[in-house]
Amino acid sequence: MKTIGLLKNTVQEYAWGSYTAIPELLGKDSPSNRPHAELWMGAHPKSPSMVNCEGEWISLIELIKNNPIDILGEKTANRYGNRLPYLLKVLAAAKPLSIQAHPSLKQASAGFERENSLGIPMNAFNRNYKDDNHKPECICALTPFWALNGFRKISDILSLLEKICPQSFNKELDDLRNQPDHVGLKRFFNDLMAMDSDRQKLLINDAVKNAQKLSEHNQVFEWMLNLHNEYQEDIGIFSPVILNLICLEPGQAMFLQAGELHAYLDGVGIELMANSDNVLRGGLTPKHVDVPELLKVLNFEEREIDILSAQKRSNCEYVYLTPADEFELSVITDDKSINYTSSEKRSIEIILCTDGEATIKDIGKNVSVVLVKGVSVVIPASVERYGIKGEGTFYKASVPI
């Protein structure tokens, strides 16, 4: 394959997904019969995209395996072992996702090898590591997008908890007051998560009653109550109190490194990540929760969140700058009409149209594909240059060169 290829992608039907957002993007009946949570575009073994090659649908994994240099480019193929290093998604959350974090590359490799040696099946409920890769990720909002990301300042955590927690929780609060650093925060978080179930229920009950009195004027407590409505007896309902609560406006993005505790709460976004499905969960989910393993990977440094805005690269391309080596997210758009020409120095790219209509053309081979809302294409590295003409919004996943 040496020209632009139309993609056919898989929808993941997780319980927290929206019944409308992804079907409407794809031009299908809405609402759907089942929740559509994520649309995957890439070459992950779980759900690889299919590529239209001269009328035949072929897995992107197979195409890369058969022609790694043509598809990925020599530099990317050599660096990432003939594998596509990123995974592009549309994420549509109608209910909160689990509180979770992702391992570092070293942690993922060790965890994957360990679970393989223990003979844990890949599809087992208690499997933590689905592959040997890390999962830094960037989420860009298409609608207002609510999320939790990273531990708040410890002084803020204490101030919020003091407003809602009963006196029976004073010892844990005093311990954190006496050691307001990452060591104290780790101990506090472990005490909270490992608390016996009867005490957790009492703590949740009292805290929710107090939060109800304050929620009208405080979104932190409002979200705490929202989580309680979904997960009545899950200690994870405290996550809006201990993590940074964020609402990304459409066009804004944020980057998540390994070890950052986070949860996506509500909204639709474009998500670009390293090609991995490794998730360590701490709560707010019926899926496997492994708090001891989660504690091994978490970063307990308090932090403020950097909200990313797209930086202009060319006349109609804007890029979200992150420290990721495996991927780069950009958006091609214009108030008037788009007339975009790609760089000659590039690797494999995937482009998704979220609005409008344009023609993408392989300039060297005079091959064109029409991009409309919900349509995505893969552009192999062997395509010397391509152009996009039309109107709309087009998100591009690429490898930094």
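Highlighted here are the strands (runs of 3 or more DSSP E) found entirely within the range 310-396 that include at least 2 residues which are among the acidic types (Asp, Glu): 349-362.
Of everything listed in (1) acidic (Asp, Glu); (2) closer than 20 Å to ASN244 by Cβ; (3) over 27 Å from the mean Cα position of the chain (by Cα), the single unmet condition for ASP175 is (2).
Across the range 238-255, which residue is farthest from ARG152 (Cα to Cα) among those that are among the small types (Gly, Ala, Ser) and outside any helix (DSSP H, G or I)? Reasoning before the result, please.
If we filter the range 238-255 for residues that are among the small types (Gly, Ala, Ser), which is where we start, we get 239, 251, 253.
Those still in the list that are outside any helix (DSSP H, G or I) too: 251, 253.
Working: GLY251: 24, ALA253: 19 Å.
Only one residue tops the list, namely GLY251.
Quick one: PHE112 ticks every box in (1) at pLDDT 95 or above; (2) farther than 30 Å from SER309 by Cα; (3) surrounded by 16 or more Cβ atoms within 10 Å (Cβ to Cβ); (4) not assigned by TED's automatic domain parsing to the domain that holds GLY282 except a single one, so which number is it? That leaves (4) as the condition not met.
Answer with yes or no whether LEU284 is touching a residue at least 60 places away in the same chain (Cβ under 8 Å), outside the structural domain of MET195 (by TED's automatic domain parsing) and at positive phi. In short, yes. Here the range 178-203 is the region considered, the condition is being aliphatic (A, V, I, L, M) and without any contact (Cβ under 8 Å) to a residue 40 or more places away in the chain, and the residue that is farthest from GLN167 (Cα to Cα) is LEU202.
The values are calculated or read from the model by the stated rules, or taken from the named source; none is laboratory data. Small disclaimer: the values here were computed from a predicted structure and weren't measured. No Cβ is skipped: glycine too gets one built from the backbone with ideal geometry, and neighbour counts run over all protein chains shown.
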